[in-house]
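Derivation of every value follows stated rules applied to the coordinates shown; laboratory data play no part. This structure is a prediction, so every number in the text was calculated from the model and none was measured. Every residue, glycine among them, receives a Cβ derived from its backbone with ideal geometry; neighbour counts consider all protein chains shown.
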Amino acid sequence: MINSMTGFGRSRKEGGGYSINVEIRALNAKQLDISVRMSKNYLEFEDLCRKLIAGKIRRGRIDVFVQIDCADIRRKAPAINRELARYYWSQLEDIHRELGNREGPSVDQLLRVPYIYETPEAVMDSEAVKELLSSAISEALGEVLQMRQIEGLALTGDFMNRLGALREDLLVVSSRRGGVIDEYRTKLHERIKLLLAGVEPDENRLSQEIAFMIDRADINEEIVRLGSHLEQVGALLSGSRPADGRRLDFLIQELHREASTIGSKTSDMEIVQAVVRIKTEIGKLKEQAQNVE
């Protein structure tokens, strides 16, 4: 089985006097690259986010957006400094008496004095935030992983279809190998005799040289290796554990290498056409492999 590298998940959690929103976006990348964005007041939890994600994802660009709000009004609402309020109330009463105002000062007048308000010192409950954030990250990450698995199933189907086409063309190449060797041996023998211009060659030496040249031009090793790589790719796709995208990419490169070598060793039209189709399918596999975790 394989997993895609793209996915999206979000979660919202409330509790312990806090509200936390998390969004996770996963994109393609050669390595694991995690970017966490959150308020500087909570940067101490960035490492926690990274560890939770790295424990579940092997490869990809992971963008994490975290918003933490204090839901407890007592922790964020400005409070009235009662001592200052009494002092300013006393000042207001003195002013009213001096002005001869029959009505005393009002609470409304007191509340307009900006200096009586003070913002309470923020005291964060680290354990509550950690517990809530861990839950939110895990839930959002679960959605990302689920989306990756669904897309991975579609990728697996496409891979399997292309592997089937590659196996069919490999059979074409393999079936033509024997005839190509015989034809190559006959043409080579005739060409050497023509070059010798009537001189009778040493048949044993001639046979040895022809065998040596045919061995260098034989494509049997490439056929075997190409078949082996196809089987390894198939095993990765059908395994119970998610395939490693980097290993898959390596095997696809090896497929292309063997196909290119076969194409360079023969001019047989059917083999050449099969190699062209093989390399086309391998190119499509390579593109798809960029999406595999």
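The amide H of Tyr18, built 1.01 Å from its N in the peptide plane, has Ala71 as neighbours under 5 Å, considering only residues 5 or more places off or on other chains.
Ranked by how many other Cβ atoms sit within 10 Å of their own Cβ, fewest first, the residues Tyr115, Tyr87, Tyr18, Tyr42 fall in the order Tyr115, Tyr87, Tyr42, Tyr18.
For a paramagnetic label modelled on Ser260 (point 7 Å from Cα along Cα→Cβ), amide N atoms under 16 Å away belong, within segment 277-293, to 277-287. What the Cβ-Cβ distance of Arg37 and Glu131 gives, at R0 = 22 Å and to the nearest 0.05, is a FRET efficiency of 0.55. Would segment 24-178 count as rounded, prolate or oblate if I go by the C-alpha gyration tensor, calling it rounded below 1.5 in a/c and otherwise prolate when a/b exceeds b/c, oblate otherwise? Verdict is prolate for segment 24-178. Between Thr280 and Met1, the modelled labels are 3.4 nm apart [label points 7 Å from Cα along Cα→Cβ]. When Lys and Arg each count +1 and Asp and Glu each count -1, what net charge do the other residues less than 14 Å away from Glu168, Cβ to Cβ, add up to? Charge balance in the 14 Å sphere: +1.
From the square roots a ≥ b ≥ c of the eigenvalues of the alpha-carbon gyration tensor of segment 227-293, which class results: rounded (a/c under 1.5), prolate (a/b over b/c), or oblate? Judged from the Cα gyration tensor, segment 227-293 comes out prolate (a/c at least 1.5, a/b above b/c).
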